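See below for the structure under consideration.
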Amino acid sequence: MKVLHFKTLDSTNNYVKKHLKELPEAALVLADYQSSGRGRRGRTWTSDQGKNFLGTYLYKEHLDDGFNALLQSSLAIIDTLESFGVDSFIKLPNDILVNDQKIAGILIEQIRDGSPALLIGIGLNVNDAPNIEGTTSLKRLLGKSIGVAEVRELLSERIERNRSVSFAELFSRFKDTLSSKHLHGIYQNKPVRIEDIDEHFQCRIDSKWVPCQAIQFRSLTTNCKYFK
């Protein structure tokens, strides 16, 4: 896999989309700093220069669907953190938490027009966390700085490994990482509890199946007005 490393980009996902035709079949685009890093629903993702992992994995061949890519990348992050002795879990749809604090986020983008491609954008707090409540970093958890390059190598190795693991195995592990505390959210302006998740990323609420993407997930400890 070719690695492209930049000091500053607006967003690694944006760079990949702008330069898609000239990039190889598989690539990792890294940035020490993103001026317009973003997450799901257009939320911003901030990070100080060179302190965290900010990257996008690009694949043009053997493309998986978005849910499978989410399984591969989220479990790869969990395994990477575990190698440092840090236990974490998935908060749907795309956050990785440690002790109820966000340490990583994932942004999956699929390009179907022209040249099909899969983008897996990952922001992982290694030595810095945004100055907002509810975030953490490896440095904060371990009490020492961690090499971003070391994290990159571990994460890339695990993502590549997961791409060859069966969906059934990934899905089983994925469900094991979900905390019942975080299987709650807002759907159609009403608080709901997620009863189950299927292989098509459908969530069961009130005995009916709806797309998980339609739910705004919350934890029971959130300040959301519905759960006070």
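A short reminder: the numbers here are calculations on the coordinates, not readings from a lab. All figures in this text were calculated on a predicted structure; none of them were measured in a lab. Please note: Cβ atoms are built from the backbone with ideal geometry, for glycine as well, and neighbour counts cover all protein chains shown.
Any idea what the dipole of segment 85-224 comes to, in debye rounded to 20, about its Cα centre with Lys/Arg Cβ at +1 and Asp/Glu Cβ at -1?
Here the size comes out at about 280 debye.
Grab the alpha carbons of segment 2-177, take their convex hull, and tell me the volume per residue in Å³.
108 Å³
So for Val192, Val86, Val126, fewest C-beta neighbours within 10 Å to most, what's the order?
Listing Val192, Val86, Val126 from fewest to most nearby Cβ atoms yields Val86, Val192, Val126.
For segment 80-228, what is the Kirkwood estimate of the hydrodynamic radius, computed as the reciprocal of the mean inverse distance between distinct Cα atoms, to one decimal in Å?
17.1 Å
Quick check: pseudo-label points 7 Å beyond the Cα along Cα→Cβ at His200 and His5, how many nm apart are they?
Label-label distance for His200 and His5, simple model: 4.4 nm.
Suppose every K and R has +1 on its Cβ and every D and E has -1 on its Cβ; what is the size of the dipole of segment 2-177 about the Cα centre, in Debye to the nearest 20?
380 debye
Using a Gaussian network model of the chain whose springs link C-alpha atoms within less than 10 Å, name the residue from Asp32, Asp100, Asp113 with the highest mean-square fluctuation.
Fluctuation is largest for Asp113.
Sorted by packing (mean other beta-carbon atoms within 10 Å per residue), highest first, where do 66-74, 205-213 land?
Sorting 66-74, 205-213 by mean packing, highest first, produces 66-74, 205-213.
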